[in-house]
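Please read the structure below before turning to the comments.
Nothing in this text is a laboratory measurement; each read-out follows from the coordinates by a stated rule. Nothing here was measured: the structure is a model prediction, and the numbers come from that model. Cβ coordinates were reconstructed from backbone atoms using ideal geometry, including for glycine residues, and neighbour counts include every protein chain displayed.
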Amino acid sequence: MNAPSKHTVFNIGACWSGARAAQPRQPLPQVSAEFSILLLQGFSQLCLSSLVEPLRVANALAGTELFRWKLVSLDGCSVASASGISVEVSGSCAEAAKTLPFEPQAAMAICAGEGVERHGSHELRACLRRLARAQLPVYALGTATWLLADAGLLGDIRCTIHWGKMAALSESFYDLAIDDALFVRDGQIVTCAGELAAFDLAIDIVQERCGTELARSICQHVTADRWRDGASCQSVPPGLRYGSTGKKLLRILQLMEKNIEDPLSLEEISSKVSLSRRQIERLFERHLSTTPWQHYLTLRLVKARQLIEATAMPIMDVAVACGFVSSSHFSKSFRDHFKVLPSKLRSAGA
C-alpha cells in the first residue's frame with residue numbers, strides 16, 4: 001500500500017474500530033460529552049490522535065456513544081498538520097463558540113503546534129473569551145496555552161505547556177503560574193503538554209466520567225501498561241519516574257529546573273535534598289552519564305536557546321534570565337554546546 005502523499009486529506013471522524021468488550025460494571029453517564037476540537041495550522045497529529053483515540057475506544061468498548069467530537073478550524077477550511085497531512089473539519093471556531101453554550105456537556109479543545117504565536121488574532125481572542133464567559137471547559141493542548149494567555153484567560157490559573165515553549169511563555173507573559181506537568185486542571189481551564197500527554201489526559205477524562213474499569217480496559221486495548229498522573233513532570237528523563245532512586249534524582253532535577261535564573265550551588269542542592277555531594281555526583285553518573293554541573297549548565301543553555309528562538313528578548317537579557325552574569329561567558333558556553341553563537345542563531349531565525 002502506498003504511503004499517503006503530503007497533501008493527503010484525512011478525516012479523523014471516519015476512523016472507527018469494531019472492537020467491543022463486555023459492558024463495564026460501573027454506571028456510565030447518560031449524556032455524551034461533546035468536544036469541538038480547534039485545529040491550528042501545524043498542529044501535531046500525535047497530539048490529536050492521543051486525545052481522540054482513547055475516546056473512540058471508550059465508545060467501542062462500552063457499546064454506546066459516551067463521547068462525541070467534531071473538528072473545527074479558524075476559517076472552516078481543512079488544516080495541514082505539522083507532517084503535511086490535511087485534515088477536514090466540519091466548521092469554524094466562531095460557529096462552534098456560538099452553539100457550544102447551548103449544548104449539554106460541551107467543551108472546546110485547542111490543538112496547536114509550532115509557531116503558535118502567529119495564530120493570535122482579535123477573532124480568536126473574542127471566541128475564547130466568549131467560551132470563558134459561558135463557563136465552558138476549555139482544553140489547551142501542546143502549545144495552545146499560549147493562546148489562552150494571549151486572550152488574558154489565565155490570570156492566577158495554574159497551567160502547563162509543552163516544555164519547548166515553557167521558557168518563552170514565562171518570559172512573554174509575566175506572573176503566570178506555570179507547572180512542569182503533563183496536564184493541569186484549574187477550574188474550567190485544562191492545559192496539557194500535548195503529544196503523548198494528551199493520551200494521559202484522555203484516560204483521565206474517561207476515568208473521571210466512566211470509572212477506572214473502563215480506563216484500564218482502554219489501556220489494555222491500546223497496549224499501554226499504564227497512564228500517567230497529570231502532575232508528573234515533563235522533564236523527567238526516561239526510567240526515572242518510578243523507584244526510590246529515581247525519586248531522589250527527580251527532586252534534584254526539579255530544583256535545577258526551578259532555579260535557572262539564580263542557579264543553586266551543589267552544596268545548596270545537597271542541603272535541600274539531604275544527600276552528600278558525592279552521593280549526588282554518583283546519581284548523575286549512574287543514571288544520566290554526566291555531572292550535576294554539566295546537566296545544570298545544559299538546562300540553562302537549552303532555556304536560553306528557547307528564548308532566543310521564540311522571543312525578541314535582547315541577548316544580554318536572555319543571558320541574565322538563564323543565570324549568566326557575563327555575556328562573554330554566556331556566548332562561549334552557548335557556542336561550545338550548540339556550535340553557533342547566540343547572535344548568529346538570532347540572525348538566522350530573523
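Of all the options Val222, Val116, Val190, the one that moves most in a Gaussian network model of the chain with Cα springs shorter than 10 angstrom is Val222. By other beta-carbon atoms within 10 Å, ranking Cys233, Cys322 with the fewest at the front produces Cys233, Cys322. Annotation: peptides 264-273, 104-113, ranked by per-residue average of other Cβ atoms within 10 Å with the highest first, follow the order 104-113, 264-273.
If one takes the longest principal axis of the Cα atoms in the chain, at what angle in degrees, from 0 to 90 and to the nearest 10, does the Cα axis of helix 244-258 lie? Compared with the principal axis, the helix lies near 80 degrees. Relative to the dominant Cα principal axis of the chain, helix 163-172 is inclined by about 80°.
Given R0 = 45 Å, the distance between the Cβ atoms of Thr212 and Thr290 translates into a calculated FRET efficiency of 0.70.
Multiplying each eigenvalue of the alpha-carbon gyration tensor of the chain by 5 and taking the square root yields semi-axes of 37, 26, 19 Å, largest first, rounded to whole angstroms.
By the scheme Lys and Arg +1, Asp and Glu -1, what is the net charge of all other residues having a beta-carbon under 15 Å from that of Asp179? Combined, the nearby Lys, Arg, Asp and Glu give -2.
When DSSP assigns beta bridges and you keep just the ones with both residues in segment 28-221, what percent turn out antiparallel, to the nearest 5? Of all bridge pairs located within segment 28-221, approximately 20 percent are antiparallel.
Principal semi-axes of the equivalent ellipsoid, √(5λ) from the alpha carbon gyration tensor of segment 28-221, are 24, 19, 17 Å from largest down.
For the chain, what proportion of DSSP beta bridges, expressed in % and rounded to the nearest 5, is antiparallel? Of those bridges, close to 20 percent are antiparallel. Considering helices alone, the calculated mean residue ellipticity of the chain at 222 nm is -14000 deg cm²/dmol, with DSSP H runs of length four and up weighted by -39500 (n - 2.57) and normalised per residue. Residue exposure proxy: Ser73, Ser232, ordered by other Cβ atoms within 10 angstrom of their Cβ from fewest to most, comes out as Ser232, Ser73. Cβ crowding within 10 Å ranks Trp146, Trp163, Trp227 as Trp163, Trp227, Trp146, fewest other Cβ atoms first. For Ala80 and Val222, the difference between the fully extended length at 0.36 nm per residue and the C-alpha to C-alpha distance is 48.5 nm.
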